[in-house]
Amino acid sequence: MDIFEKMQDPEYQKVLLKEAAACAGQYLDSVVSRDVYPPDKAIHDLELFDGPLPELPGDPVAVLQDLHRLGSPATVAQSGGRYFGFVNGGTLPAGLAAKWLCEAWGQNYALYVMSPVTAKLESLCEAWLVDMFGLPHGTVAGFVSGTSTATMCGLAAARHALLDRLGWNPAEKGLFDAPRLRVVLGDQAHSSVFKALAILGFGKAQTEHVPVDKEGRLRTENLPRLDDRTLVITQAGNVNSGAFDDFQAICDKAARAGSWVHVDGAFGLWAAASEKKRRLIRGMERADSWSVDAHKTLNAPYDSGIVLCRHAQALVSAMQATGSYIQYSDNRDGMLYTPEMSRRARAVELWAVLKTLGRRGVETLVDRLCERADQFAAALSQAGFRILNEVVFNQVMVACDTEAETKSVLQAVQRSGTCWCGGAMWRNEPVIRISVCSWRTTEADVRLAVDTFVKARKEKGMDR
Ligand SMILES: *Cc1c(COP(=O)(O)O)cnc(C)c1O
C-alpha cells in the first residue's frame with residue numbers, strides 16, 4: 001500500500017490529528033512556566049533537523065513528534081504571558097480552535113464561488129469592525145497578512161484615487177508620466193510605511209517629513225500646505241511610545257485641502273473599542289483609509305491584517321484583476337479588496353475571536369493590556385528606572401541612569417528566561433522597550449518581570 005492509499009484510511013487522519021492536539025496541548029501547558037527565550041541547548045539542538053530531503057515517504061506521526069521534540073523547546077514563548085518584545089500578541093484559544101477547523105476545511109477564498117462560508121464571515125467581520133472602529137457607512141475591508149500589506153493596499157487606493165481625480169487612470173496609463181503626487185508623513189512613521197511607499201513608486205527623497213514632538217506625534221502646526229494631490233500618512237500608536245497623532249487637527253486641514261489621509265493603526269486602532277481609550281483616536285474616523293492588525297492587540301492568530309477604505313471603488317480599482325476564468329458575483333468576492341487571489345480564509349478565526357469576546361470582551365482586552373503597561377511603568381519607576389514616554393497605551397520605554405547600564409540590563413533581561421523585552425533608540429538614547437500585548441499577561445507576570453529588571457541591575461553591580 002503506498003502512502004496515498006494509507007492516507008485515505010480515516011484512522012490515519014484521526015491518529016495524526018489527535019497527536020497534533022496532544023502536542024499542542026502539552027506545549028500550551030508548558031508555555032506559561034518555561035523560559036521565555038529558548039535555552040542555548042534547544043537552539044543548538046535545531047541542528048538535529050539537518051539532513052537531506054528523505055528519499056521515501058515516512059510516518060507523519062513521527063514527523064510531528066520530531067517537530068514537537070526539537071521544535072517546541074526552541075520556540076520563543078510568544079504565546080505565554082511574559083513576552084514583551086515587539087508589538088506582538090498571544091493567540092486566543094477561540095482563534096486557535098477556529099483556525100484548526102478552518103484548516104481542515106482547506107478553503108481557498110478569492111471569490112464567493114470558491115467559499116460562500118468565508119465570504120459570509122468576511123462580510124460579518126467587515127461590518128463588525130467598521131462598527132467597532134466607528135468608521136463611516138460603506139467602508140470596505142480587505143483581509144490580508146498584516147499591517148504592512150494593509151498599508152500598501154490603503155496607499156495604493158490613495159494613489160489611484162488622487163491620480164484618477166487628476167484625470168489620470170494609473171491602471172491604464174501607468175506611473176511613469178503621471179502627474180506628481182505628494183506624500184506627507186511624520187518623521188516617526190513606521191518602517192513598513194516607507195516600504196509600502198517604495199513598492200508603490202514613492203521614493204524617500206520625494207516624501208515631505210513633518211517633525212514630531214517628544215512622544216513621536218506629528219506636529220500638526222508644522223504640516224506643509226496641503227492640496228488635492230497630497231497623501232497624508234498618520235499613526236495611531238507609535239511603535240515605540242504608543243503615541244497617537246492628533247487626527248482631529250490633521251483631518252481638518254486635509255478635508256479643507258482635499259488630501260487623502262491614511263491611518264497606520266496596526267495596534268492602536270483598537271483604542272476605539274475602549275471607553276477609556278477612545279479619546280486617543282478621536283477624529284481618525286474622518287480619514288480615508290486605515291490599516292490595522294488583528295494579530296496584535298486583538299490576539300487573533302498570526303497572519304491577520306486588515307485594510308479599511310472609505311472609498312470602496314478606489315480600493316477595488318487599485319486591486320483589480322480580470323481574466324476569463326474569474327467569476328465575480330453579486331456577493332462578496334474577497335479578492336476585490338486584496339492583492340492576493342489564493343488566500344487562506346483568515347477571517348474565519350477573526351470572526352471566532354470577535355464572536356467569542358463580543359464588544360465588551362474586546363474592550364476588556366484593550367483595557368487589560370493598558371493597565372498592565374501602567375503597572376509596569378509605575379513599578380519600574382518606583383524601583384528607580386526612568387520611564388521615557390507618556391504611557392498612554394500598551395508601550396513603555398525604560399532606561400537606567402547611564403546608557404551602559406541600560407544596555408547591560410537589557411542583555412540580562414533577555415537572558416533571564418523569565419521575560420523578554422526588546423531594545424530601541426529613543427531620542428538618541430538606547431532604551432528597553434516593553435510592549436504589553438498578550439491576553440495572558442497577569443499582574444503577577446508584570447511583578448515577576450519587574451523583579452527581573454531589578455535583579456539584572458543588582459547583578460551588574462548597579463543597584464542603588
Ligand atoms: C506592527 C506594525 C506594523 C507592521 O505590521 P505587520 O503586521 O507586522 O506587517 C506597521 N505599523 C505599526 C505601527 C506596527 O506596530
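Computed quantities for the displayed model
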| item | result |
| --- | --- |
| Verdict on Ala156 being within 16 Å of the ligand (Cβ to nearest atom) and assigned to a strand (DSSP E or B) | no |
| Enumeration of residues in the range 13-40 that are in contact with a Pro (Cβ under 8 Å, 6 or more places away or on another chain) and either free of Cβ contacts under 8 Å to residues at least 24 places away in the same chain or over 14 Å from Pro73 (Cβ atoms) (or both) | Leu16 |
| In the range 236-246, the residues that are more than 10 Å from Arg217 (Cβ to Cβ), out of contact with any strand residue (DSSP E or B) (no Cβ under 6 Å at 6 or more places or on another chain) and surrounded by 24 or more Cβ atoms within 10 Å (Cβ to Cβ) | Gly237 |
| Of all residues making up the range 173-216, the number that are away from the ligand (no atom under 13 Å from the Cβ), basic (Lys, Arg) and not in a strand (DSSP E or B) | 4 |
| Sole exception among (1) closer than 24 Å to Ser274 by Cα; (2) touching a Gly at 6+ places or on another chain (Cβ under 9 Å); (3) not in a loop (DSSP other than H, G, I, E, B) for Asn389, by number | (3) |
| Residues satisfying the stated conditions in the range 1-42, i.e. farther than 27 Å from Ala97 by Cβ, more than 36 Å from the chain's Cα centre (by Cα) and among the acidic types (Asp, Glu) | Asp2, Glu5 |
| Residue within the range 121-134 that is in a helix (DSSP H, G or I), within 16 Å of the ligand (Cβ to nearest atom), hydrophobic (A, V, I, L, M, F, W, C) and touching a Gly at 6+ places or on another chain (Cβ under 7 Å) present | no |
| Candidate set from the range 255-296 (those that are within 16 Å of the chain's Cα centre (by Cα) and part of a loop (DSSP other than H, G, I, E, B)); member that is farthest from the ligand (Cβ to nearest atom) | Ala294 |
| Test result for Arg180, over 30 Å from Ser241 (Cβ atoms), basic (Lys, Arg) and without any contact (Cβ under 8 Å) to a residue 60 or more places away in the chain | yes |
| Residues of the range 279-315 classified as free of Cβ contacts under 8 Å to residues at least 24 places away in the same chain and not charged (D, E, K, R), total | 1 |
| Filter result for Gly71 (outside any loop (DSSP other than H, G, I, E, B), among the small types (Gly, Ala, Ser) and under 30 Å from Ala412 (Cβ atoms)) | yes |
| Gly167 being over 23 Å from Ala254 (Cβ atoms), more than 14 Å from the ligand (Cβ to nearest atom) and more than 26 Å from the chain's Cα centre (by Cα) | no |
| Candidate set: the range 135-153, residues that are in contact with a helix residue (DSSP H, G or I) (Cβ under 8 Å, 6 or more places away or on another chain) and farther than 23 Å from Arg278 by Cα; chosen: the one surrounded by the fewest Cβ atoms within 10 Å (Cβ to Cβ) | Ser148 |
| Check on Ile250, among the β-branched types (Val, Ile, Thr) and either in a helix (DSSP H, G or I) or more than 24 Å from the chain's Cα centre (by Cα) (or both) | yes |
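Each value in this text was obtained by applying a stated rule to the coordinates, not by laboratory testing. All values reported here derive from a predicted model rather than from experimental measurement. Quick reminder, even Gly has a Cβ in these numbers, built from the backbone with ideal geometry, and neighbours come from all protein chains shown.
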